[in-house]
1. So how do 289-301, 444-456 stack up, highest first, on mean other-Cβ count within 10 Å?
2. Loop-only GluC sites (Glu not before Pro) in the range 53-127, please: DSSP not H, G, I, E or B, and at most 10 other Cβ atoms within 10 Å.
3. Hey, what D do you get for the range 445-529 in µm²/s if you plug the Kirkwood alpha-carbon radius into Stokes-Einstein at 20 °C and 1.002 mPa s?
4. Over all pairs of distinct alpha carbons, what does the Kirkwood formula give as the hydrodynamic radius of the range 385-520, in Å?
5. Two decimals is fine: what's Rg over Rh for the chain, C-alpha atoms, Kirkwood radius as Rh?
6. For the range 11-72, what is the per residue volume of the convex hull drawn over the alpha-carbon atoms, in cubic angstrom?
7. Once Rh for the range 3-208 is found with the Kirkwood sum over Cα pairs, what is the Stokes-Einstein diffusion coefficient at 25 °C and 0.890 mPa s, in µm²/s?
8. Can you pull the three principal axis extents for the Cα set of the range 216-375, in Å, largest first?
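Bear in mind these aren't lab numbers, they're just calculated from the coordinates by the rules spelled out. In this text, all values refer to a predicted model and were calculated from it rather than measured experimentally. Note: ideal-geometry Cβ built from the backbone for every residue, glycine included; neighbour counts use all protein chains shown.
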Amino acid sequence: MKNKKLKIKDFSKDTKQFTHIENEELVKLPPPYNEEEPEWKKIPDQQKESVEASLDDTLVLSIPKPASAQEEEELVKKFLSGLQKLFTKENNWTFLQPLLLTLDYCAKCQTCSEACPIYEMSGKNELYRPTFRSELFRRIVKKYVKPGGKFFSKFKVGDIDLNWKTVSRLAELAYRCTICRRCAQTCPIGVDNALITHELRKVFSQELGIAPKEIHKDGSVLQLKVGSSTGMNPLAFKDNLEFIDEDMEDRTGLKIESPFDKEGAEVLLIHNAGEILAWPENPGAFALILEKAGVSWTLSSEAVGYDGINYGLWYDDVQLARVALKHAQIAKKLKVKKIVIGECGHAHKAFMVIANRIFLDELNVPAESAMTLLENVVFSGKLDLDPKKNDFPVTLHDPCNLVRLMGVVEPQRRILIHICPQFREMTPHGVKNYCCGGGSGFAIMSQNNFKDWRLSISGRKKLLQILEAFKDKPGPDINKYVCAPCSNCKGQIRDLFQYYKVWERSAITYGGLVELIVNAMVDVKESFIEWEWH
Ligand code: SF4
Ligand code: SF4
């Protein structure tokens, strides 16, 4: 089990657990965070007997152990037939070309490994090396999918056996990568290891019905059934919005009434509905800003139309298409000029990058990021802003989907530089940012002890970056703010801060961009940022 000895050919062997990480192997945190690491929850042995749990120290999928060798064989066959589909135009026309390019060749230079925060923070555990997963995939495809593969693969690419152990471990391994694509960005020949993660997840969901319950059953399925993956139906959504409007009036003294279903509005604003329940001040601040700036805008109260979440993006093309289609149809029905996506990175990618390149007919609805809309509002002079009201240290977290993937880098910075006199960048930032560690659905996954894994390992680099950005004011005597204009990133940062007691130790809080804009508004007399942990 020692990390350095992990070999791809051993992945299919019937060993108890492929790897294990000790706390001491993780990259050290600075004082006082190095004093003691939070204790990991243990997965009970009894549970391990009934589900597949032989990869590492955590568990996302809890795949029930097959009852017989025959059942195992059937599952392996299904996996193989799913793999074959990935390489046909009819079944995978969206991703076939980049997948073939990625599969073709890897120079094994390991530039990508150096870029991966999970690999680095784990103490360079081989299992989390970006190429480990990809190489497994590559070998399986070359041996079992390509013609003549079984005969030549041993000599050409190294051997791997495709048995149930390999398949069930691969399923879990597809959920040890945040799809942040930092590795893809650095690869000198354009190999996209994150795409392999994505395609694996897709085979497991679409062909074997294996997906984390948080993003499937409690995610996209719930969203299509009741209207939102939060479980909020249209009625509850409207009630919540009315409550938010009232609360905004109490907090700012300014009356607002969020518009619903206004036909012909310029902008249909779609939030990540998680904001409405977890951070209601965010949709409230949006409403205040847009009303004050005189933007013609509306929300939709139709099921799915008030929730920009599209979890299918991370694991299932069919679910992705179903949700995206609803968004486009609702915009068409309302006859709005464009959709504006609120502070949610994956919602941006799902609609603006994927869906809008697939809907080539009348469903191709113009779409804009909230970042550019807000930049236009802030610099239009329509809001009376006083930067002195934001005179505390602020740094910016770059959501991977918004920044690295879409190139929306500068608008949010220009706003922060304009309204926050103590703004400072993280290192690195912009397109070279590090993921919050909650990407690709991780932020909402906490089953078993996965929360320990995502906070100790996948979120560790972000915690280090945040502490580094405020290292000139490390203590709890000065309040500091991490601006994270993405609902999923905020969820992960909230959990990170709770786990490591960041508020108590360093007085760092977090929130979105619109909250800082409202906080700077001269008309808003009280501090809109709440300097307390909740
Ligand atoms: S950077 Fe690219 S070529 Fe180099 S090891 Fe990684 S995937 Fe292979
Ligand atoms: S996508 Fe991100 S988390 Fe996944 S292997 Fe690449 S760098 Fe690591």
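1. The most tightly packed comes first, giving 444-456, 289-301.
2. Numbers: sites: Glu71, Glu72, Glu73, Glu74, Glu90, Glu114, Glu120, Glu126; in loops: none.
Within the range 53-127, no GluC sites (Glu not before Pro) qualify (loop, at most 10 other Cβ atoms within 10 Å).
3. Details: Rh = 13.9 Å.
Once the numbers are plugged in, D ends up at 154 µm²/s.
4. Result for the range 385-520, one decimal place: 15.0 Å.
5. 0.97
6. Numbers: hull volume 6.5 nm³, N = 62.
Given the Cα convex hull of the range 11-72, per-residue volume reads 105 Å³.
7. Working: Rh = 18.1 Å.
It diffuses with D of about 136 µm²/s by this estimate.
8. 45, 31, 25
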